[in-house]
């Protein structure tokens, strides 16, 4: 291990790909896409979505987003060997979300409008809905806690906040990432923007027509290298850099020249002390919307060259909004660890306007560094650098 580095000692994930890392890898190997019409709520909208199936939902006072987060946190803690030491160190919790921060009181308002009266359980669920506080309370940890709500970069930004906590010596270990659930409001909202596809999404494809929504959670445990060593945990993964840049161009559209994303990438690589040529692959944001993929693809080509290996895993998970950065951080770290990345699901035809194309088959990775990017409404652009020693 490198003195002073921040290690990734545990990971957990749940999405339509599976309820843990092992199931996710099986889905990637099979190239399986589990998109279908929504079944979680009643709607006339027929857009395909990527649901998490068979999620136990008996407790009406716990929101779905939090249930997803708990599952990913549990795997990350077990994976990181933290179960017996949660009270021995200063452990922080930083989780990103979008839906969970604002939409879980809609049941209350709907019922009240219909009847003039409504049970309070949905309001209680909403008031207990701060993901970071809820996870910290369940685990009994006493470090800092923070819920990050920064649109679709929330999960990545939560990881960046966690990294800053460690470097500022605010805590020893951070549980960080993101979680979000499928909800009728964003499904209708993205549909009204005209950016949702009527079929399974096709990131970076010439005939891409929009995104699919998904849900899930992705969590990593990051900690100071000396703490990891002290508790006897061995790991080969490191979180080496984070970059954030807001281009403030448009409420929803990315800046056409991609300068915000390019700045975020530069800051992340500078913090990690690496050059673009050292990056083995990029897990791109890749929403399959015309504007996002055009801008992001051009930036990746400009920064890393036309030969960069990259993919979008949203072809397997859909766009999980505030959870995307957390889920994709896990996927990126696992790709480095396993030495391969899956085909970029949905891609078939190259877009000459973009100029580069994602991987079309399971691809061996032999490099030391990988990057995960997140592009969000409001001009937010985020990137993290992960290293495999």
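The values are calculated or read from the model by the stated rules, or taken from the named source; none is laboratory data. Predicted model only: the values in this text are computed from it and were never measured. Don't worry about glycine lacking a Cβ; one is built from the backbone with ideal geometry, like all the others, and counts go over all protein chains shown.
Yes or no: residue 264 more than 28 Å from residue 182 (Cβ to Cβ) and either out of contact with any helix residue (DSSP H, G or I) (no Cβ under 7 Å at 6 or more places or on another chain) or modelled with pLDDT of 95 or more (or both)? In short, no.
Those residues that are touching a helix residue (DSSP H, G or I) at 6+ places or on another chain (Cβ under 6 Å) and under 19 Å from residue 89 (Cβ atoms), I need them from region 117-143; list them, please. Give the steps one after another, and end with the answer.
Restricting attention to region 117-143, the residues satisfying the condition of being touching a helix residue (DSSP H, G or I) at 6+ places or on another chain (Cβ under 6 Å) are 118, 122-123, 129, 131, 134-135.
Listed by number, the list holds a single entry, 135.
The single condition among (1) farther than 23 Å from residue 20 by Cα; (2) surrounded by 24 or more Cβ atoms within 10 Å (Cβ to Cβ); (3) touching a strand residue (DSSP E or B) at 6+ places or on another chain (Cβ under 9 Å) that residue 293 does not satisfy is (3). Taking helices (runs of 4 or more DSSP H) as the structural unit, those lying wholly within region 280-364 and holding at least 1 residues that are more than 19 Å from residue 12 (Cα to Cα) correspond to 290-304, 314-317.
Residues in region 110-118 include none that are farther than 29 Å from residue 223 by Cβ, part of a loop (DSSP other than H, G, I, E, B) and in contact (Cβ under 8 Å) with a residue 40 or more places away in the chain. Take residue 141 and tell me if it is in a loop (DSSP other than H, G, I, E, B), in contact with a strand residue (DSSP E or B) (Cβ under 6 Å, 6 or more places away or on another chain) and surrounded by fewer than 24 Cβ atoms within 10 Å (Cβ to Cβ). The answer is yes for residue 141.
Return the only residue of 199, 259, 209 being without any contact (Cβ under 8 Å) to a residue 60 or more places away in the chain, surrounded by fewer than 24 Cβ atoms within 10 Å (Cβ to Cβ) and either over 20 Å from residue 294 (Cα atoms) or more than 20 Å from the chain's Cα centre (by Cα) (or both).
Numbers: 199 fails: without any contact (Cβ under 8 Å) to a residue 60 or more places away in the chain; 209 fails: without any contact (Cβ under 8 Å) to a residue 60 or more places away in the chain.
Just a single option satisfies the conditions, and that option is 259.
Residue-wise test of (1) part of a strand (DSSP E or B); (2) modelled with pLDDT of 95 or more.
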| position | (1), (2) |
| --- | --- |
| 13 | yes, yes |
| 22 | no, yes |
| 26 | no, yes |
| 32 | no, yes |
| 41 | no, no |
| 49 | yes, yes |
| 61 | no, no |
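When the test is whether a residue is within 20 Å of residue 265 (Cα to Cα) and surrounded by fewer than 24 Cβ atoms within 10 Å (Cβ to Cβ), residue 337 does not pass it. Residues of region 144-187 that are surrounded by fewer than 22 Cβ atoms within 10 Å (Cβ to Cβ) and at positive phi: 151, 169. Only residues that are touching a residue at least 40 places away in the same chain (Cβ under 8 Å), out of contact with any helix residue (DSSP H, G or I) (no Cβ under 6 Å at 6 or more places or on another chain) and over 27 Å from residue 153 (Cα atoms) were counted in region 48-81, giving 1.
Taking region 13-25 as the search range and keeping residues that are surrounded by 13 or more Cβ atoms within 10 Å (Cβ to Cβ) and without any contact (Cβ under 8 Å) to a residue 24 or more places away in the chain, which one is nearest to residue 364 (Cα to Cα)?
Taking region 13-25 as the starting set, the residues that turn out to be surrounded by 13 or more Cβ atoms within 10 Å (Cβ to Cβ) are 13-21, 23-25.
If we keep only those that are without any contact (Cβ under 8 Å) to a residue 24 or more places away in the chain as well, we get 18, 23.
Values: 18: 22, 23: 20 Å.
So, considering only residues that are surrounded by 13 or more Cβ atoms within 10 Å (Cβ to Cβ) and without any contact (Cβ under 8 Å) to a residue 24 or more places away in the chain, the one nearest to residue 364 (Cα to Cα) is 23.
The single condition among (1) out of contact with any strand residue (DSSP E or B) (no Cβ under 9 Å at 6 or more places or on another chain); (2) not in a loop (DSSP other than H, G, I, E, B) that residue 269 does not meet is (1). Does residue 93 satisfy the criteria of being at pLDDT 85 or above, in contact with a helix residue (DSSP H, G or I) (Cβ under 7 Å, 6 or more places away or on another chain), buried (at least 17 other Cβ atoms within 10 Å of the Cβ) and in a helix (DSSP H, G or I)? Judged against the criteria, residue 93 is not a match.
Residue check: is residue 5 more than 18 Å from residue 335 (Cα to Cα), buried (at least 20 other Cβ atoms within 10 Å of the Cβ) and touching a helix residue (DSSP H, G or I) at 6+ places or on another chain (Cβ under 8 Å)? No, not satisfied.
Could you tell me whether residue 128 is within 30 Å of residue 163 (Cβ to Cβ), at pLDDT below 95 and surrounded by 15 or more Cβ atoms within 10 Å (Cβ to Cβ)? Quick ask: steps written out before the conclusion?
Values: within 30 Å of residue 163 (Cβ to Cβ): yes; at pLDDT below 95: yes; surrounded by 15 or more Cβ atoms within 10 Å (Cβ to Cβ): yes.
Judged against the criteria, residue 128 is a match.
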